[in-house]
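**Student:** Here you go, one structure.
The values are calculated or read from the model by the stated rules, or taken from the named source; none is laboratory data. Here the structure is a predicted model, which is why all the values come from computation and not from measurement. Glycine gets a Cβ as well: all are built from the backbone with ideal geometry, and neighbour counts include every protein chain shown.
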Amino acid sequence: MPGIPIHLTDPQLIDALKRCVRDERGATAVLIAHLAEMDARRLHFGFGFSSLFEYCCDELGLSEDATCNRIEVARAARRFPVLLDRLADGSLSLSAAKALSSKLTDENHLELMAAAARLRRRAVEEMLARRFPKADVPTLVRKLPTKTPPVTIETSAGSTSAEGATTSIGGASNTLPSLGSAPPLPSPRQRLATPLSADRYQIRFTASAATWKKLRVARDLLRHAVPSGDAGEIFDRALTALIGDLARKKCGAVPRPAQRGRGTAPSSRHVPAKVRRAVWARDQGRCAFVAASGRRCQERGRLEFHHVEPYAVGGVATVANIQLRCRAHNAYEAVLFYGTDGLANVAGEPRATYGSSARDSIRPGTDPLVRSTTTLLRRLTGGPPRP
């Protein structure tokens, strides 16, 4: 029985992890090949199962989602065996192969597999939407099911009172987790948007009754500009206004920035608006952390203004000393610089306590990220760091 490999060094752990991924890819390709042949021979009927799906779930113990994905890819692989090679070498993930499976033909299968190589499922879906555009779907707003039978709310004239409403811009309703909670991992059943064509998306989300009322009011106020009352156009206008307001607050973006600001005292932590504007433009609204391998972080959410030379050791809020960091990398670099104990003291100690050699406080041979798991978790969840 395998255990947690706590005995491995960092390089050994990374090598072992990559080897496990290669082994899993090979095993998945072999499993897909066997499922394809099992499906072709219809052996599951002889074991009393009415479908290969039932056999995989009940006899093999696969989950329903895993079974659906693997059977669909297996049937595509029987028509195009080269798909198995792409799965084994990692150029196509299982989810990407599933997205491709319904579009593969004798004429295009090699081209589509090459175009989808190394892409995530979302990128594959967008590529397919450009090549195989779908028609727009109608706007639908309906009441969420409750203890009483659900009531349908039409988007045409008429009003209905509801405790909750699902606004589905071009699609069926779907309940998503609260935006106040931690963002869930992406899954096909909880995807916010699905590409329909090169520049059209189906978007769906759950809205409160108050939001549904605001949408009706906005639709009525915009009848002169949007006679059709199209919800997509209304939300586009609302988001444009919202983004402008957030950009002004977050990164100091204004139509006519002042030529001369009030300036910031050297001892102040405040980052002036002109610095925020310049840093946001330079870093392109994305975390600027670059790993030793040269890979830059792709995160664009929960960004913070990071002092390259920390504020606690005299770092000032200048364009050269401020960079964008996602919350995780901002916390990670704080631990790298101060160590766990130093980071816990920063909140309460004066700046003079820390000199330029604060990074040396990290004990040699000890991974600071491993030592500071608790501190990072508290930082990421908004809690204060503690010794």
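**Student:** Under 6 Å between Cβ atoms, which residue pairs at least 6 apart in sequence (or on different chains) link something in the range 207-224 that is under 17 Å from R237 (Cα atoms) and not assigned by TED's automatic domain parsing to the domain that holds A238 with a partner that is modelled with pLDDT of 90 or more and of a type in the set (S, T, N, Q)?
**Tutor:** Close Cβ pairs satisfying both conditions: none exist.
**Student:** While we're here: Among the residues of the range 36-50 satisfying the criterion of being surrounded by 14 or more Cβ atoms within 10 Å (Cβ to Cβ) and more than 21 Å from P81 (Cα to Cα), which is modelled with the lowest pLDDT?
**Tutor:** So in the range 36-50, the residues surrounded by 14 or more Cβ atoms within 10 Å (Cβ to Cβ) come out as 36, 38-39, 44, 49.
Within this subset, residues satisfying the condition of being more than 21 Å from P81 (Cα to Cα) are 44, 49.
Details: H44: 85, F49: 81.
Top of the filtered list is F49.
The rows are residues; the columns are (1) in the same structural domain as L31 (by TED's automatic domain parsing); (2) surrounded by fewer than 19 Cβ atoms within 10 Å (Cβ to Cβ); (3) over 28 Å from E24 (Cα atoms); (4) of a type outside the set (S, T, Y).
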residue: A96; (1), (2), (3), (4): yes, no, no, yes
residue: A99; (1), (2), (3), (4): yes, no, no, yes
residue: K103; (1), (2), (3), (4): yes, yes, no, yes
residue: D106; (1), (2), (3), (4): yes, yes, yes, yes
residue: L110; (1), (2), (3), (4): yes, yes, no, yes
residue: A115; (1), (2), (3), (4): yes, yes, no, yes
residue: L119; (1), (2), (3), (4): yes, yes, no, yes
residue: V124; (1), (2), (3), (4): yes, no, no, yes
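**Student:** Condition test on S228, is it at pLDDT below 90 and either in a helix (DSSP H, G or I) or not assigned by TED's automatic domain parsing to the domain that holds R204 (or both)? Break it down stepwise before answering.
**Tutor:** Details: at pLDDT below 90: yes; either in a helix (DSSP H, G or I) or not assigned by TED's automatic domain parsing to the domain that holds R204 (or both): no.
No, not satisfied.
**Student:** Next up: Name, by its number, the condition in (1) part of a helix (DSSP H, G or I); (2) surrounded by 17 or more Cβ atoms within 10 Å (Cβ to Cβ) that does not hold for V30.
**Tutor:** Evaluating V30 over (1) part of a helix (DSSP H, G or I); (2) surrounded by 17 or more Cβ atoms within 10 Å (Cβ to Cβ) leaves (2) as the failure.
**Student:** Looking at the range 128-146 only, could you name the residues that are in contact with a helix residue (DSSP H, G or I) (Cβ under 9 Å, 6 or more places away or on another chain), part of a helix (DSSP H, G or I) and surrounded by fewer than 19 Cβ atoms within 10 Å (Cβ to Cβ)?
**Tutor:** The one that is in contact with a helix residue (DSSP H, G or I) (Cβ under 9 Å, 6 or more places away or on another chain), part of a helix (DSSP H, G or I) and surrounded by fewer than 19 Cβ atoms within 10 Å (Cβ to Cβ): R131.
**Student:** While we're here: Considering only the range 294-326, how many residues are in contact with an Asp or Glu (Cβ under 8 Å, 6 or more places away or on another chain) and free of Cβ contacts under 8 Å to residues at least 12 places away in the same chain?
**Tutor:** 1
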